[in-house]
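Notes follow once the structure below has been shown.
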Amino acid sequence: MMTLADVREWLKTQIECLAWYIGKIDGSKEQCIGIYNIQGPKPKIAVGGLSNTSIAIKSVAILVHWGKNANTAERKAQEVYEAMHGQAGATIGGRRVVMFQLRHPEPVSVGTDDLGIYEYVIDVNIIYER
């Protein structure tokens with residue numbers, strides 16, 4: 001099983017950020033990244049049962065909460081997106097990633113929070129070997 005903490009630890013090796021969160025961010029920080037569970041696709045079990053099923057899916061939303069400059073925030077979100085786009089073979093939580101299935105063609109802007117900090121969301125299905 002892959003956890004949010006596993007995904008966070010892997011992303012830390014790919015993206016520079018001083019404040020990382022899972023489940024909830026500290027909105028008072030001007031620059032942070034949060035990782036959340038989201039609903040993914042229906043699980044698929046291979047013919048012959050779970051013991052014959054070789055992959056599993058971890059579906060997450062990555063929230064890039066990044067300052068009061070729209071351009072800087074968009075560039076950081078794109079950096080996070082590119083860390084996964086078209087990539088395979090990474091190891092997260094001891095599991096080999098088959099592919100990152102990004103659910104949108106680019107990070108999705110969700111505007112600003114109450115403090116005027118720009119936010120982007122990246123939804124991804126991480127398909128990995130069980």
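The values are calculated or read from the model by the stated rules, or taken from the named source; none is laboratory data. Nothing here was measured: the structure is a model prediction, and the numbers come from that model. Neighbour counts are summed over all protein chains in view; Cβ atoms, including those assigned to glycine, are modelled from backbone coordinates with ideal geometry. All accessible areas refer to the heavy atoms of the entire protein, side chains included, with ligands and DNA or RNA removed. Shrake-Rupley method; radii C 1.70, N 1.55, O 1.52, S 1.80 Å.
The listed residues are ILE122, ILE55, and the only one of them that is at pLDDT below 95, under 19 Å from THR3 (Cα atoms) and in contact with a strand residue (DSSP E or B) (Cβ under 7 Å, 6 or more places away or on another chain) turns out to be ILE55.
Every listed requirement among (1) in contact with a Lys or Arg (Cβ under 9 Å, 6 or more places away or on another chain); (2) more than 24 Å from TRP10 (Cα to Cα); (3) open to solvent by 70 Å² or more (accessible area, probe 1.4 Å) is met by GLN31 save one, (2).
Every test in (1) closer than 16 Å to ILE122 by Cα; (2) open to solvent by 70 Å² or more (accessible area, probe 1.4 Å); (3) modelled with pLDDT of 95 or more is passed by THR13 save one, and that test is (1).
Counting only strands (runs of 3 or more DSSP E) wholly contained in the stretch 30-130, the ones carrying 3 or more residues that are of a type in the set (Gly, Ala, Ser) occupy 55-66. Tell me which residues, restricted to the stretch 32-61, are under 19 Å from GLN78 (Cβ atoms) and out of contact with any helix residue (DSSP H, G or I) (no Cβ under 8 Å at 6 or more places or on another chain). Passing the criteria: CYS32, GLY34, ALA61. Number of residues in the stretch 77-100 that are surrounded by 15 or more Cβ atoms within 10 Å (Cβ to Cβ) and without any contact (Cβ under 8 Å) to a residue 40 or more places away in the chain: the value is 4.
On the basis of being buried (at least 16 other Cβ atoms within 10 Å of the Cβ) and within 15 Å of TRP10 (Cα to Cα), does TYR21 make the cut? For TYR21, the condition - buried (at least 16 other Cβ atoms within 10 Å of the Cβ) and within 15 Å of TRP10 (Cα to Cα) - is met.
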